[in-house]
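Step one of this worksheet: look at the structure below.
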Amino acid sequence: MDIVYSIKNSITSLSSNKVRTSLTVLGIVIGIAAIIIVFSAGAAIERLILSEVESFGTDIIQTEIKIPTSKSGMAGEQDSAAGLATGVQITTLSLEDMEDINRLPNISGGYSAILSQKQISYSSQRKKTFLMGTNASFINIDKTEIDKGRFYTEDENKSLAQVTVIGLKIKEELFGESDALGKWIKIADSKYRVIGVTKERGSVFTMDFDNYVYVPIKTLQKKLMGIDYVTYMVHKLKNTEEGDKTAEKMRAILRNNHNIEAPYNEKTEKLDVNKDDFRVTTMDEMINMLDIITSAITILLLAIVGISLVVGGVGIMNIMYVIVNERTSEIGLRKAVGAQKGDILIQFLIESIIITLLGGIIGIIIGAGISYLISKGASYYGLAWAFSIPLKSLITAFIFSIFFGVMFGLYPAKKAAEMDPITALRLE
């Protein structure tokens, strides 16, 4: 059979009823457009997360509090997160832990931190904002930079000095165009002298650093919160290739300091971390974890998109049944003059594939357009959302188009091919 003739004949047949063909194509268009949008958004989110992680630095290890649990894996992480969200306090992580870790040969420095929310004021201006209590070494490790003035010293930290460094937005809200250096602001009920203003940094993982107020960590602990523990620590690596080994050494130090006995897990061939009241994470581990989460979300969304494509495919099957019934006499006539079953089967199968390919092409164009608009909208709100159409999304869209065209067009085509020519002609 001449394939070119079959394609031309199929196009002519579909063009004869444009409204019906358009409605049939619509279901596939929606599904394919959704595939393009999901892949494009997934790629943009992956790049966004990677840039956010890199904004903290790729040569750091973070240690944070966690609730010990008997569960392992994601279930244990969920229990810990739920417990912390409901107000469970872990008070074992301390400044002494940070100093012990600082002595490791692959650590070039580190800082501890704790966050609090307090009201600050200057003159008639008042604002409730986040306070970050941290060591003087913070400014040498973090990406935050000083615009005017200076950061506080370790001597000021040890002496519980009432000094502060404020974010750019805090400076603008409290002082406007006036110079903030040397002025005294009120934090809770005490006065603190402004000694520095940070450069604009923006938000990282929803944390707006321009709205932060920095105070010496010991000042925050003793004078504002009445505690002696910290929430998390950040350490800088000399050699990132030794990150995993350094992380294990850090865990050993913290377990010893916190009197934790970690049993050996034969499956992972590592010590079990379930009983730990801390979590040590390298940047590589964090990126891998975020990549797994992003991939899982993408797969979930594609599964939902698959339902849309199945609905569109059922629509194709129904329309193909209608087309077969309308052209019963044509089928009988062609068989009477010598057309084989394979000829009829291919003819109707080609029509089904053309419908899905047409829907696929239109869906790709619409999906790309919507993805572009999403990227522009995200950029407008300050997100580093890069527009791209991954090659795998185009390949997936093409494969899905062919697959659904064949799968949902095969049965009607087979029915047409198996018609008895005499019966078909009699129905005329």
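Quick note: the coordinates plus some simple rules give every number you see, no bench work behind them. These figures come from a predicted structure and were not determined experimentally. All Cβ positions, glycine included, derive from the backbone under ideal geometry; neighbour counts span all protein chains shown.
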Using a 10 Å cut-off on Cβ atoms, rank the peptides 165-171, 363-369 from the highest mean neighbour count down. 165-171, 363-369
Diffusion coefficient in µm²/s returned for segment 107-237 by Stokes-Einstein, Kirkwood Rh over C-alpha pairs, 4 °C and 1.567 mPa s, is 89 µm²/s
Quick one: order W184, W385 by neighbouring beta-carbon count within 10 Å, fewest to most. W184, W385
So between S22 and K376, what do we pick up on full extension, going 0.36 nm a residue minus the alpha carbon distance? 124.5 nm
Please arrange R126, R103, R251 by how many other C-beta atoms lie within 10 Å of their C-beta, fewest to most. R103, R126, R251
